[in-house]
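*Asks:* This is the structure I have questions about; it appears just below.
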Amino acid sequence: MTEQETPGPGSAGVYGPDGAYEPSGTAEPAATAEAKRVRIVLADDQTVVRAGFRALLELTEDLVVVAEAADGVQAVEAVRMTRPDLVLMDIRKPGIDGLEATRRIAADPALNGVRVLILTTFEIDSYVFEALRSGAAGFLLKDVEPEELRAAIRTVAAGQGLLAPAVTRRTIEEFARLAAPEAAGAERLGALTDREREVMALVAAGLTNEEIGRELLMSQYTAKTHVHRAMTKLGARDRAQLVVLAYETGLVRAGGRGGGPV
């Protein structure tokens, strides 16, 4: 690749079989049109899978694939080059896996606005919980219906964790059973008000802001404010991490909604 061909943030392209980055040659849309689109990086080691997801996603005008990657190293590099809104990340891939790639993306301050949505073929996957802890915003099964996939991408790209499906809560609860609450849990939760703890417990139960509002007799906007404050105080990137923290600190016990004292 020549110096003139080196892609920068916002460029679009794919990684070829030899690992070389290949610009797509497609001109960037106008700024006003681009602002309305969710820019996506596809990270999967199977070419046919990436092609299938690309075809599904680009059936709508608001979703655009800006790069593809066949392994974890390429995924991280593609994200740094294109600054997408979201990464569809398969966990199992050659080289560094999707878990490590997710960790590197989440740890890079320059990529703070990038969301990672994990794709898996298993309902209970030993890597999924760790992926959420590492900064993933949620996960989906690969056999998800096309419209559900597109809706999930819009949800996560908007800054919400994908926590509604029961499979997500089952996974978190399964691994929460295997680990005792962290010793510093009470101290970490001490930064929250009682109301913020209540709201955090309801987020862990999978409730939306609107449902939390009905439960606690407040508006969904007030609920959203409490969620945001809890995330800020605990250093959580999104709702998915807030759920993980709810279990890790002992605020919520596996199989229950919690909300009481730790």
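The values are calculated or read from the model by the stated rules, or taken from the named source; none is laboratory data. Please read these numbers as outputs of a predicted model, since none were measured by experiment. Here Cβ is always computed from backbone atoms with ideal geometry, including for glycine, and neighbour counts include all displayed protein chains. The area values use the complete protein model at the heavy-atom level, side chains included, leaving out ligands, DNA and RNA. Shrake-Rupley method; radii C 1.70, N 1.55, O 1.52, S 1.80 Å.
*Asks:* Kindly check whether there is at least one residue in the range 68-87 that is touching a Phe, Trp or Tyr at 6+ places or on another chain (Cβ under 8 Å), closer than 28 Å to T232 by Cβ and crowded, with 24+ Cβ neighbours inside 10 Å.
*Replies:* no
*Asks:* When you go through (1) in contact with a strand residue (DSSP E or B) (Cβ under 9 Å, 6 or more places away or on another chain); (2) in a helix (DSSP H, G or I) one by one for G159, which number turns out not to apply?
*Replies:* Every listed condition holds for G159 apart from (2).
*Asks:* When you scan the range 6-25, do you find a residue that is at pLDDT 55 or above, more than 22 Å from A157 (Cα to Cα) and surrounded by fewer than 21 Cβ atoms within 10 Å (Cβ to Cβ), even just one?
*Replies:* No; the residues of the range 6-25 include none that is at pLDDT 55 or above, more than 22 Å from A157 (Cα to Cα) and surrounded by fewer than 21 Cβ atoms within 10 Å (Cβ to Cβ).
*Asks:* If you don't mind, there's one more thing I want to ask. Does T82 fit the bill of being closer than 19 Å to V156 by Cβ, of a type outside the set (G, A, S) and touching a residue at least 60 places away in the same chain (Cβ under 8 Å)?
*Replies:* The answer is yes for T82.
*Asks:* What are the residues in the range 88-109 that are free of Cβ contacts under 8 Å to residues at least 40 places away in the same chain and open to solvent by less than 10 Å² (accessible area, probe 1.4 Å), if any?
*Replies:* T102, I105
*Asks:* Name the one entry in E196, E215 that is out of contact with any strand residue (DSSP E or B) (no Cβ under 9 Å at 6 or more places or on another chain), on the phi < 0 side of the Ramachandran plot and open to solvent by 60 Å² or more (accessible area, probe 1.4 Å).
*Replies:* E215
*Asks:* Given the criteria at pLDDT 65 or above and on the phi > 0 side of the Ramachandran plot, does G159 qualify?
*Replies:* Against the criterion (at pLDDT 65 or above and on the phi > 0 side of the Ramachandran plot), G159 qualifies.
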